[in-house]
Amino acid sequence: MARTSSSGSSRRDVLKLAGLATAAGFGVRPAFSQSPGHVVVVGGGFGGATAAKYLRRAGVDVTLIETNATFATCPFSNTVLGGINEIDAITHGYDGLAAHGVQVVPDTVTGINAANKSVSLQGGTAVSYDRLILSPGIDFKWGEIEGYDEAAAEVMPHAWKAGAQTELLRRQLIAMDDGGVVAIAAPGNPFRCPPGPYERASLIAHYLKTHKPASKVLILDSKDSFSKQGLFQAGWAELYGDMIEWVPFSSGGNVARVDPATMTVYTDFDTHVVNVANIIPAQRSNRLVDTADLANGGDWCPINQLTFESTVQPGIHILGDASIAGAMPKSGFSANAQAKVCAAAIAALLRGDEPPSPSFINTCYSLVGPDYGISVAAVYRLNAEGAIAGVEGAGGVSPGDANAEFRKMEAEYARGWYASITSDMFG
């Protein structure tokens with residue numbers, strides 16, 4: 001990926017242009033006296049909330065079905081663990097979407113009937129659709145780490161779905177004595193938010209350095225490399241010295257078994273007794289997709305990458321973490337960009353038009369400390385084979401030799417990005 005200049009201006013210019021391309025179908029819309037159809041959206045996160053809003057802006061009737069009354073974002077949840085924010089700062093409601101005319105239904109979808117074009121709800125009713133969007137997120141592959149199941153997660157939290165698990169892990173960090181060891185088990189690819197475990201290690205280290213400076217963060221990794229590795233490791237050395245230790249797969253980092261009763265983590269070669277264990281298990285698409293076999297026997301759902309329509313079941317579109325979206329990572333920004341493209345495609349299809357040719361962007365900011373930000377950005381388009389691929393020479397990464405002022409500026413950009421994207425989703 002191309003390196004940015006020290007000013008960062010070239011990357012910002014690319015992102016502005018790409019953002020305009022992504023949202024091109026929604027700048028100015030003619031008024032429609034009658035909706036061309038009814039779309040049901042399942043899941044009110046980065047993909048689902050965005051798709052619901054932009055479909056309404058396109059004049060489509062939309063019902064959003066979401067289990068929870070509020071949504072806690074995984075992006076910026078690490079700031080809660082680091083003591084920088086409270087949980088309320090990352091928790092959002094759906095009043096803004098309702099004000100746009102989205103019908104918000106607080107219920108849980110228990111099944112999909114693709115033949116009848118309806119979804120069944122836990123409350124006992126069914127909702128019909130002309131087209132269905134699923135943005136259900138992830139589920140965990142319980143048991144791939146021996147001893148790690150849903151009960152174990154109440155002792156060794158994953159905190160990879162933000163909310164109650166985030167608060168649990170935060171309480172454990174507060175209760176830990178100085179001199180303790182916090183273990184983070186990072187899963188193999190693919191998984192939600194590839195830089196997330198390493199930002200988490202950074203912000204937990206920030207909290208420990210401030211309050212419990214004799215403590216240590218141990219990253220046990222199922223991989224031999226990770227996203228923005230050089231930038232993270234340089235930041236760790238600068239801010240935290242030897243407080244963070246990363247153990248890659250080839251050095252015995254793969255976690256094979258856990259014992260919550262004794263707070264013991266077993267890798268392929270070593271045994272670690274720790275004080276706090278954040279076990280992030282392997283992931284797959286939410287199991288709701290299995291009710292219509294949308295993953296086709298796999299972990300993730302294949303889609304037409306122009307429209308995000310399932311290649312297994314017509315009329316069903318799948319966004320975000322659950323989908324196989326070419327070169328795009330599983331991130332909140334990716335889901336938001338995909339949702340706008342999908343909404344434009346569905347609005348066109350419902351009116352009998354050709355879907356527009358899309359562009360996508362993904363920017364991933366990470367906080368190594370409260371005033372130390374790093375980022376990577378990329379632009380994507382469909383290639384000749386119809387797959388989402390990176391645009392060569394577009395995007396970039398934070399420069400490795402940036403000064404403190406630049407890192408502080410990137411941290412401010414990260415906070416600005418979060419405010420902007422959550423306003424876009426829920427405002």
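Every number here is computed from the coordinates shown, using simple stated rules; none is lab data. Note that the structure is a prediction, hence the values are computed from the model and not measured. Ideal geometry is used to build each Cβ from the backbone, glycine not excepted, and the neighbour counts take in all protein chains shown.
Structure notes:
- R0 of 41 Å, Cβ-Cβ distance L121-Q229: FRET efficiency to nearest 0.05: 0.40
- From phi via Karplus (6.51, -1.76, 1.60), per-residue ³J(HN,Hα) for region 333-344 in Hz, x at Gly/Pro: 5, 4, 4, 4, 5, 4, 4, 5, 5, 5, 4, 4
- Of the peptides 345-351, 144-150, the order by per-residue mean of other Cβ atoms within 10 Å, starting with the highest, comes out as 345-351, 144-150.
- Point-to-point label distance, E146-A327, nm (Cα→Cβ direction, 7 Å offset): 4.1 nm
- Within a Gaussian network of the chain (alpha carbon springs, distance under 10 Å), most fluctuating of A414, A153, A99: A99
- T291-A384 pseudo-label distance in nm [points 7 Å out on the Cα-to-Cβ vector]: 4.2 nm
- Counted by Cβ distance under 15 Å from A69, the other residues give a net charge of -4, where Lys and Arg count +1 and Asp and Glu count -1.
- Note on the chain: helix-only mean residue ellipticity at 222 nm, from DSSP H runs of 4+ residues weighted -39500 (n - 2.57) and normalised by residue number, equals -9000 deg cm²/dmol.
- In this structure, D371 and N68 have a Cβ-Cβ separation that, at R0 = 35 Å, corresponds to a calculated FRET efficiency of about 0.60.
- Highest-first packing order for the peptide set 125-132, 375-382 is 375-382, 125-132, based on the mean count of other beta carbon atoms within 10 Å.
- Filter on K161/K212; K53/K223; K228/K340 - keep pairs with C-alpha separation over 31 Å: K53/K223
- Alpha carbon centroid spacing (whole Å) that separates region 241-286 from region 405-422: 31 Å
- Modelled spin labels at K209 and A404, positioned 7 Å past Cα toward Cβ, are 1.1 nm from each other.
- Contact order relative to length of the chain, as percent, for alpha carbon pairs under 8 angstrom and 6 or more apart: 21 percent
- Overall, the anisotropy analysis places region 141-279 in the rounded class: the square-rooted eigenvalues a ≥ b ≥ c of its C-alpha gyration tensor yield a/c less than 1.5.
- Net charge over other residues, Cβ less than 14 angstrom from the Cβ of T271 (K, R count +1; D, E count -1): -3
- Near the amide H of W246, within less than 5 Å, lie the amide hydrogens of I219, all on another chain or at least 5 residues away, with H placed in the peptide plane.
- Ranked by the mean number of other Cβ atoms within 10 Å per residue, highest first, peptides 76-83, 221-228, 385-392 order as 76-83, 221-228, 385-392.
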